[in-house]
Amino acid sequence: MSTTPTTPLRGPRQPGGTSASCDSGALQDGASRELGRGKSTPARAILTGVILTGLGLGCVAAQAAVPAVSAIVFGLAVGIAARPVVLRLPGDPARILADANSVAGTVLRTGVALLGIRFTLRDLGTLGPRGMAIAALTLIATFLVTRIVARRYGNDPDGSATIAAGFAVCGAAAASTMAGALAERGSGSRRRSMMDEYSAATIAMVCVLGLVAIPVTIFMSASLGLSDADTGLWMGASLPEVAHVVMAGDLVSPEALAIATVAKLLRVALLAPLVLIVGAAGSGRLLRGRRTGRAGSKARIVPLFVIGFIACIALGTVFDLPEQAEGAAPVASTAMIAGAMVAIGANISISALARRWRTTGIAALTGTVTALAVPLIAIMATR
């Protein structure tokens, strides 16, 4: 497996002859040794999860004040900003960061599973076969093209999948979910650090490029004479974040907003099968690696959070959930994902993140252009 070339900072030698590398990797390797001597108790893990979710709720409130920026982006920014402060705390800051990063995985996966509540199979009637086909085609084309370009520019295969998922599916949530799922296939904190860096770099670019794409869809749809329904379909099939889609659709009309929201939720629902497919393909590579002595750690082909995600979709489809539950689930989901990003951001160094941006920028631009072009061409061809 090739990785993006970096200039590592050498850390102390580890048992077995390996050495810690990368700014964030060295810190986490030290934290991992500490955890090996005294693992966190379940009570401590639960408390950490509650604190992260509380921080995520603060990010949700920040998004309400600034709708153009996702709560998940706020979470990442808070984590990166908090890192220098945490490192100056008395006691064992490495242990604090490692504890938070360990619990963040569970919080993130729980939040992603709850995303399924937003979507029901009944919503597909709003799109129709044409709309569903265009949304699915856009996701597949954007993912494949972006991943190919990312690999062409020297990015790690799993890092390339993280970038591609961010622009093909649902922005920050997809990038962090894909990175978390693929990180489980490797071994050691260095790989986890690398995947977190890919996730963070993708989230930052999704935020910026998604905002740029909003006026593009609005002005081009007007100049091309698209109907409000087709404009909404284009927005829902192309824009990366749910917040971007809602903002753009609301600026056009209620009809555009309704279509855009359903198209976007269909892409969110397709995150689960995408993770399964990429994970299964990677598991095949791991099996071949074990046969030749190049194995990483064994990971589940079907992650539990994917099962939870599908179960939540089924729950919302089969039962009419109370209005309070339907309203609370998306908030809880976003808060958990944003809270997890606080922990992930706190475990990432700015210098390591800058190195990822240099290799992922072209792939991000490619993903944005592909996501905009494919549905527009399909809509114009089928009007």
query: From the backbone phi of the range 96-111, what are the Karplus-calculated ³J(HN,Hα) couplings (6.51 cos²θ - 1.76 cosθ + 1.60, θ = phi - 60°) in whole Hz, Gly and Pro given as x?
result: 4, 5, 5, 4, 5, 5, 5, 6, 4, x, 5, 4, 4, 5, 5, x
Computed FRET value (nearest 0.05) for Ala280 with Val208, which takes r as the C-beta separation and R₀ as 35 Å: 0.60
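Using only the alpha carbons of the range 89-170, what is the convex hull's orientation-averaged projected area in square nanometres? Don't skip to the end; give the middle numbers.
Values: hull surface 32.6 nm².
So the Cα hull casts an average projection of 8.2 nm².
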query: Roughly speaking, what is the centre-to-centre gap between the range 300-342 and the range 150-204 when only Cα atoms are used, to the nearest Å?
result: 22 Å
Net +/- balance of residues flanking Ala258 in space, Cβ distance below 12 Å, scoring K and R +1, D and E -1: -3
message: Taking amide H atoms as placed 1.01 Å from N in the peptide plane, list the residues 5 or more away in sequence, or in a different chain, whose amide H sits under 5 Å from that of Ala68.
response: none
Hz values of 3J(HN,Hα) by residue in the range 231-241 - Karplus curve (6.51, -1.76, 1.60), Gly and Pro given as x: 4, x, 4, 4, 5, x, 7, 10, 5, x, 9
statement: Rounded to the nearest 0.05, FRET efficiency between Arg95 and Arg130 (Cβ-Cβ, R0 56 Å) equals 0.55
- prompt: For Met341, Met247, what ranking results if the residue with the fewest other Cβ atoms within 10 Å of its Cβ goes first?
  reply: Met247, Met341
- prompt: If you plug each phi of the range 68-75 into the Karplus form 6.51 cos²θ - 1.76 cosθ + 1.60 with θ = phi - 60°, what whole-Hz ³J(HN,Hα) values come out, in order, with x for Gly and Pro?
  reply: 5, 10, 5, 4, 5, 5, 4, x
statement: Amide H neighbours of Leu224 at under 5 Å, excluding residues fewer than 5 places away on the same chain, with H built from the backbone geometry, are none
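Each reported figure results from applying straightforward, stated rules to the coordinates on display, with no laboratory input. Keep in mind that what you see is a predicted model, and the values were worked out from it rather than measured. For neighbour counting, all protein chains shown are included, and Cβ atoms are generated from backbone atoms with ideal geometry for every residue, glycine included.
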